[in-house]
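> Handing you this structure, nothing more for now.
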Amino acid sequence: MDTVQAIIQQQIEAGTFLQSVQQGQQHVQQADAVNYGEEEEYEDEEGTYKGKRSNTLPIWGNQVTMNLNTLVLENIRESYYYKNNLVEIDSFQTLVEQIFYQVKHLEPWEKGTRRLQGMTGMCGGVRGVGAGGVVSSAYCLLYRLFNLRITRKQLISMLNSRQSVYIRGIGFMYIRYTQPPADLWYWLEPYLDDDSEIDPRSGGGDLMSFGQMVRLMINKLDWYGTLFPRIPVPIQKEIDEKFAERKKQQLMEEEEWQEGEGLEKEDEEAKVLPKVSKCKHHLRHHHCRKHRKNCPAKAKRLHAEKVQREMKKNLEEK
């Protein structure tokens, strides 16, 4: 009998063998939790559990330029703020603090610094700087976050930040510039009903909800004088179909709401009833399978009651 078998035999006689096995299983489970703790559970659109998403975000398109316009990129690299402040920052939290203090809009250029008239010939601007003007701190920080290769959890924390609307805004811009087009709906759809407001324009004057801003990012390429990466036509068609299905679902839910509350079609109050497709609690936890499954409970209950009434009515008619 070798040494290992002798130890096992002693544990069996002492009645401690099972306890040792259980402790070993606990260590394995803890090790698995450490290994997979950086991944996120996810579901498909029907709520079916599909597995885990890696905490490492994919990068779509150009791995160096972040799919930015060449003029914008050159101005970022030549920016005093980027070269002398941001390049030395390697902490995600420090960059978020910089967004909180430095970012006041989401345009690529600071207001009044880009002059398009008279920029001809050699005056067109060496290395693109003259024609571009002063690049905004928002785009400098966006590009630094890209070079830092932030994680999925860090990006989600930006999207749900309560410190500044511009932290959230740059999070959405990061998605639009870097994430695969096939994943855009997964990222942005939960925020289509977000009524929190933001003003992306330099100097103000373009106040909109986050839901409106997200729709612009999905449906439009132009973004205040620059362009987002193009979405392939097949994926854009799928997104348009999902928008149509979503609108149809919202109309059905509003009808169920009105029926459940006993309101007449002529009642003006029915027009301002809150949408039940996504509540604010759901928006903050749209990556959590528990909240995706349970929200909104009232709409589901009303739908189930409607189905039961229809079944009962059909049985009575028969």
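The values are calculated or read from the model by the stated rules, or taken from the named source; none is laboratory data. Fair warning: this is a prediction, and the values are worked out from it, not measured in the lab. Positions of Cβ are generated from backbone atoms using ideal geometry, with glycine treated the same way; all protein chains shown enter the neighbour counts. Surface accessibility is based on the protein's heavy atoms, side chains included, excluding ligands, DNA and RNA. Shrake-Rupley method; radii C 1.70, N 1.55, O 1.52, S 1.80 Å.
> Return the total of residues in segment 183-203 being farther than 24 Å from Arg230 by Cβ, surrounded by 20 or more Cβ atoms within 10 Å (Cβ to Cβ) and of a type outside the set (Val, Ile, Thr). Steps first, answer last, please.
Here is the first cut: in segment 183-203, the residues farther than 24 Å from Arg230 by Cβ are 193-199, 202-203.
From what is left, the residues that are surrounded by 20 or more Cβ atoms within 10 Å (Cβ to Cβ) are 193-194, 198, 202.
Remaining after also requiring of a type outside the set (Val, Ile, Thr): 193-194, 202.
Residues meeting the conditions: 3.
> Restricting to segment 70-98, and then to whatever is open to solvent by less than 70 Å² (accessible area, probe 1.4 Å) and within 23 Å of the chain's Cα centre (by Cα), can you tell me which residue is nearest to Lys153 (Cα to Cα)?
The selected residue is Phe92.
> Suppose we keep only residues that are in a helix (DSSP H, G or I) and among the β-branched types (Val, Ile, Thr) within segment 218-236. Which one would you say is farthest from the chain's Cα centre (by Cα)? Steps first, answer last, please.
As a first pass, look at segment 218-236 and keep what is in a helix (DSSP H, G or I): 218-219, 233-236.
Adding the requirement that they be among the β-branched types (Val, Ile, Thr) leaves 218, 233, 235.
Values: Ile218: 12, Val233: 22, Ile235: 18 Å.
Per the criteria, the residue is Val233.
> Looking at segment 125-159, which of the residues that are modelled with pLDDT under 95 and open to solvent by 20 Å² or more (accessible area, probe 1.4 Å) is nearest to the chain's Cα centre (by Cα)? Before you say what the answer is, go through the steps one by one.
At the first step, the residues of segment 125-159 found to be modelled with pLDDT under 95 are 125-134.
After this cut, where a residue has to be open to solvent by 20 Å² or more (accessible area, probe 1.4 Å) as well, the list is 125-127, 129-131, 134.
Values: Gly125: 37, Val126: 37, Arg127: 34, Val129: 32, Gly130: 35, Ala131: 33, Val134: 28 Å.
So the residue we want is Val134.
> Scan segment 161-175 for residues that are open to solvent by 40 Å² or more (accessible area, probe 1.4 Å) and touching a residue at least 60 places away in the same chain (Cβ under 8 Å) and report the count. Walk me through it before giving the result.
So the first thing to find is which residues in segment 161-175 are open to solvent by 40 Å² or more (accessible area, probe 1.4 Å), and the list is 162-163, 165.
From what's left, touching a residue at least 60 places away in the same chain (Cβ under 8 Å): 163.
Adding up the residues that qualify gives 1.
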